[in-house]
Amino acid sequence: MNHMFDVDFATIYGINAAILFQGFYWWCEHNRANDKNFHDGYYWTFNSIKALQIMFPYMGQKQIVSAIDKLVQNGLIVKGNYNKSPYDRTTWYAITKKGYSILLKGKM
């Protein structure tokens, strides 16, 4: 699997946040194209931190959590829970309008 990031985005938010943001964007757009996982005005993707560690083996748990927190704090993504089971702790992620505006304006 190839991972990539925008250098300008990484300069502002960090490399790990840039890589995760690009991944979340890809999966949210995949779900938009397939009209899946639409809730509360957003197309969502979901993964556990453990799954993200497998997908991004060069990041540890703390690095992933920190990068996600940075994306949330800067208003680029939102987190949700649309799991069918109340015991499922998988977190859902969606790109915000601000996140899309950065992507679309090429200001990453």
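Kindly rank 41-49, 13-21 from highest to lowest mean number of other beta carbons found within 10 Å of each residue. Intermediate results must be reported in sequence, preceding the final value.
On the way: 41-49: 17.3, 13-21: 22.3.
Averaged packing, sorted descending, gives the order 13-21, 41-49.
What whole-number value in Å² describes the accessible area per residue of the chain for a 1.4 Å probe?
63 Å²
Ignoring ligands, DNA and RNA, what percent of the 1.4 Å accessible area of the chain is carbon and sulfur? List each step's numbers first, then the result.
Details: 3670 of 6810 Å².
Here carbon and sulfur together make up 54 percent of the probe-accessible area.
When you take every Cα atom in region 8-94, what is the radius of gyration, and what is Dmax, the widest Cα pair distance, in Å?
Radius of gyration, then largest Cα-Cα span, for region 8-94: 12.8, 39 Å.
Roughly how many Å is it from the Cα centre of region 26-105 to that of region 1-24, as a whole number?
Each part's Cα centre sits 14 Å from the other's.
Can you list residues whose amide H is under 5 Å from residue 77's amide H, if they're 5+ apart or on another chain and H is modeled 1.01 Å from N?
Long-range HN contacts for residue 77: 72, 96.
Any idea how far apart residue 35 and residue 101 come out in nm if each label point goes 7 Å out from Cα toward Cβ?
Between residue 35 and residue 101, the label points sit 3.0 nm apart.
Counting pairs on different chains as well as pairs 8 or more places apart, how many Lys pairs in region 63-107 have Cα atoms under 19 Å apart?
Eligible lysine pairs with Cα atoms under 19 Å apart amount to 9.
Provide the packing ranking of 58-70, 76-88, i.e. peptides ordered by the mean count of other C-beta atoms within 10 Å per residue, highest first.
So the order, starting with the most tightly packed, is 58-70, 76-88.
If DNA, RNA and ligands are ignored and the probe is 1.4 Å, what is the ranking of 104, 71 by accessible area, most exposed first?
104, 71
Okay, helix-only estimate at 222 nm for the chain: each DSSP H run of n ≥ 4 adds -39500 (n - 2.57), divide by all residues, round to 500 deg cm²/dmol; what do you get?
-15500 deg cm²/dmol
The values are calculated or read from the model by the stated rules, or taken from the named source; none is laboratory data. Note that the structure is predicted; figures quoted are calculated from it, not measured. Note that each Cβ is placed from the backbone with ideal geometry, even for glycine, and that neighbours are counted across all protein chains shown. SASA here: full protein model, heavy atoms, side chains in, ligands and nucleic acids out. Shrake-Rupley method; radii C 1.70, N 1.55, O 1.52, S 1.80 Å.
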